[in-house]
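Have a look at the structure below, then the notes.
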Amino acid sequence: MMEYGFKTMDDIDVEGKTVLLRVDINSPVDPVSGDLLDDTRMQLHSITVSELSDRGAKVVILAHQSRPGKSDFTTLKQHALAIANIINKDVQYVDSIFSKYALDVIGNMVNGEIILLENVRFFSEEMPKLTVEEQINSHMVQTIAPVCDYFVNDAFAAAHRSQTSIIGFSKVLPSVAGRVMQQELSSLYGVLDNAQEPRVYVLGGIKADDSINVMVNALKTNRADYVLTTGLVANIFLVASGVDLKEYNYDFIVDRGYEDFIDVAKDLLKDYSDKIMLPVDLGIYENESRVDYPVDEIPNLPIYDIGLKTIDLYKKKILESKTLFANGPAGVFEIEVFNKGTEELLNAMAESSGFSIIGGGHLAAAASNMDLDGEITHISSGGGASINLISGNELPAVKALVESANKVK
């Protein structure tokens, strides 16, 4: 992957070496029982863990679970058991990171052995926004790095975060991308750099700033031929275009803190009106059921989905596309009568012959629930990281990997 400036596991000989592997196995946890509710991320990273072990590395895994103050802020004991079950190998859980016990365990490892250290966010050096120098000089890095030979960063889902376990080790150890990181970056850079036309972006969801930032970058860098707006993004653009969505829906935009984005939308419509598609009708929550209205006849009631005519228009554009990027559901897909927009557009993406990417988050969950994982070209494991990358922002973890590769040339 040196075409993108960083090295991968293909570039290092790990036999007999101690490899520090950072993964992102942050998972839903039952607040009552403490049981893991989903092992998707452990399934993803199991490929990297298994390969390193099979190649004779001594694999020392670093990871986090949730953050301080949350009900699912727990140890990684169950995560070790889950990984072990997935890869059919022993994974030893070590209930500390840089204690003498942890260092002794690392020092006594044999080739192929795997250990999982404690939740890095239990330790104060992980969460604050430290400078790179402070990360390098942290107790975590200064204690663990000397007993390791390589750092493999596979935590794509946390690649947009400049935290000690993500950045600090890349500054003091030869560092490469793991298989999840490699696959994610290869797919996303492919959309940015080698996309075939027509290139269609389907942007919606409740986190309107994420999707609008993607839109700004895609349009201004001429990477999008069409942008199909859904969800709260569509509502913001409809208001910007002069449509009266009535008090309830306008107030919802304001309450979510997105009023300023109406002016952003006005500017984009002024410059790219030929590329931005807006709904022609919307699904309204009325009398505990769904009623579709044309956009110029919306009552003062909640908008929960794009309308049926809009779905048909958008599906046609999706099926004509050669490259697709989608972020955010089209509506309140958790309610069955309002999941039509989300599901119909996802089915069209699956049916399309184009290269398709979903930017993680709720839309990825919806696609998985519909068993479309194998039909979409790439479903990102990191919503925030993929959105930042597609938005044109530099990912701190990737920058650190590139700098490490350049340092050892």
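Brief remarks on what is shown
- Residue match in segment 151-166 (condition: closer than 20 Å to Gly384 by Cβ, out of contact with any strand residue (DSSP E or B) (no Cβ under 8 Å at 6 or more places or on another chain) and among the β-branched types (Val, Ile, Thr)): yes
- Among the residues of segment 30-74, those identified as in a loop (DSSP other than H, G, I, E, B) and either surrounded by 15 or more Cβ atoms within 10 Å (Cβ to Cβ) or at pLDDT 95 or above (or both) are Asp39, Arg55, Gly56, Ala57, Ala63, His64, Gln65, Ser66, Asp72, Phe73, Thr74.
- Looking only at residues of segment 124-176 that are buried (at least 18 other Cβ atoms within 10 Å of the Cβ) and of a type in the set (Lys, Arg), we find that the one that is nearest to Val23 (Cα to Cα) is Arg161.
- Criterion violated by Ser99 - all others in (1) more than 24 Å from the chain's Cα centre (by Cα); (2) not assigned by TED's automatic domain parsing to the domain that holds Ser66 satisfied: (2)
- The residues of segment 253-280 that are out of contact with any Phe, Trp or Tyr (no Cβ under 6 Å at 6 or more places or on another chain), part of a loop (DSSP other than H, G, I, E, B) and buried (at least 18 other Cβ atoms within 10 Å of the Cβ), listed by number, are Tyr258, Pro279.
- Among the residues here, Ser211 qualifies as assigned to a helix (DSSP H, G or I), closer than 30 Å to Pro302 by Cα and under 15 Å from the mean Cα position of the chain (by Cα).
Yes/no per residue for (1) among the hydroxyl-bearing types (Ser, Thr, Tyr); (2) in the same structural domain as Ser165 (by TED's automatic domain parsing); (3) in contact (Cβ under 8 Å) with a residue 60 or more places away in the chain:
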| site | (1), (2), (3) |
| --- | --- |
| Gly34 | no, yes, no |
| Arg41 | no, yes, yes |
| Leu44 | no, yes, yes |
| Glu51 | no, yes, yes |
| Arg55 | no, yes, no |
| Lys58 | no, yes, no |
| Ala63 | no, yes, yes |
| Ser66 | yes, yes, no |
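- Residue check, Val14 under 20 Å from Pro146 (Cα atoms), of a type in the set (A, V, I, L, M, F, W, C) and part of a loop (DSSP other than H, G, I, E, B): yes
- For beta carbons closer than 8 Å, sequence separation of 6+ or different chains, a first residue in segment 333-357 that is under 23 Å from Ser381 (Cβ atoms) and a second that is among the acidic types (Asp, Glu) and part of a loop (DSSP other than H, G, I, E, B), the qualifying pairs are Met349/Glu375; Ala350/Glu375.
- Yes/no for Leu81 being surrounded by 14 or more Cβ atoms within 10 Å (Cβ to Cβ) and without any contact (Cβ under 8 Å) to a residue 24 or more places away in the chain: yes
- Residue in segment 81-92 that is under 17 Å from Lys17 (Cα atoms), at pLDDT 95 or above and in contact with a helix residue (DSSP H, G or I) (Cβ under 6 Å, 6 or more places away or on another chain) present: no
- Residue that is farthest from Glu336 (Cα to Cα), among those in segment 281-301 that are touching a residue at least 12 places away in the same chain (Cβ under 8 Å) and part of a helix (DSSP H, G or I): Asp296
- Those helices (runs of 4 or more DSSP H) of segment 113-170 in which at least 3 residues are in the same structural domain as Ala63 (by TED's automatic domain parsing) and not aliphatic (A, V, I, L, M), considering only elements entirely within it, cover 132-136, 139-144.
- Of note, Ala145 does not satisfy the criterion of being within 20 Å of Pro68 (Cα to Cα), touching a Leu at 6+ places or on another chain (Cβ under 9 Å) and touching a residue at least 40 places away in the same chain (Cβ under 8 Å).
- Screening segment 319-409 for helices (runs of 4 or more DSSP H) wholly inside it with 1 or more residues that are farther than 28 Å from Glu133 by Cα and out of contact with any helix residue (DSSP H, G or I) (no Cβ under 9 Å at 6 or more places or on another chain) returns the ranges 361-369.
The values are calculated or read from the model by the stated rules, or taken from the named source; none is laboratory data. Everything numeric in this text was worked out from a predicted model, so none of it was measured. A quick note on method: Cβ atoms are made from the backbone with ideal geometry, for glycine too, and the neighbour counts reach across all protein chains shown.
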